[in-house]
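Structure, as structure tokens:
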Amino acid sequence: MQLQSNPMTIDTYLEHYGYAAIRDDGQNKLVQLKNLKLVQIESSVDNSYIIQELTQGKAGERWEDISIETVIEHIQMLEGGNDTFAKIWHVDDVLSINSTLSRERARLVLTMAMDNHDANIGINWEVLTEYVSQVLEMEAAGII
């Protein structure tokens, strides 16, 4: 059986890395980067994006019809580099391990993995499987 990951969205990326959305009307976001630059990100129905820096009231270069991966590269570039790489884990990844879990329990698995994983190993399918087992044991014991 091959496990599948859901594609990353701009909302997932921004939330995961703690970016502050100053304005968010769903498809259009004004985001403050960690170096205080402002970026406008527009998403379209065909999963493409437009990104433009708006720092100090000046519109910077505008990149249109780009993928989520390219948006992330531009955000990293605007922050001064592109040396950060990440794998985003989704609740559906946990549910692909055990579909009997509720979404709430799957979020608990991800939280436990994020808070308690061995940094030398990281978070991988084996680690997630172990935390799924722990959550099931906690449920069976009436702890949660």
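Label-to-label distance for Ile97 and Lys58 is 4.9 nm, based on points extended 7 Å past Cα in the beta-carbon direction.
Find how much the distance from Ile66 to Thr12 grows on full extension, using 0.36 nm per residue of separation minus their present alpha carbon separation; answer in nm with one decimal.
This chain segment gains 17.7 nm when fully extended.
Using square roots of five times the C-alpha gyration tensor eigenvalues, list the equivalent-ellipsoid semi-axes of the chain in whole Å, biggest first.
Largest first, the chain gives 35, 15, 14 Å.
Using a simple spin-label model with pseudo-atoms 7 Å out from Cα toward Cβ, Glu126 and Ala140 lie 2.2 nm apart.
From the C-alpha coordinates alone, can you work out the Kirkwood hydrodynamic radius of segment 4-78, in Å?
One decimal place: 12.4 Å for the Kirkwood radius.
Counting only whole DSSP H helices of the chain, the ones at least 18 Å long by C-alpha along their axis and with mean Kyte-Doolittle hydropathy no lower than -1.0 are 103-116, 125-140. By the count of other C-beta atoms within 10 Å, a proxy for reagent exposure, Met112, Met77 are ordered fewest to most as Met77, Met112.
Each reported figure results from applying straightforward, stated rules to the coordinates on display, with no laboratory input. Note that the coordinates shown come from a computational prediction; the quantities given were computed from them, not determined experimentally. Positions of Cβ are backbone-derived with ideal geometry, glycine not excepted, and every protein chain shown enters the neighbour counts.
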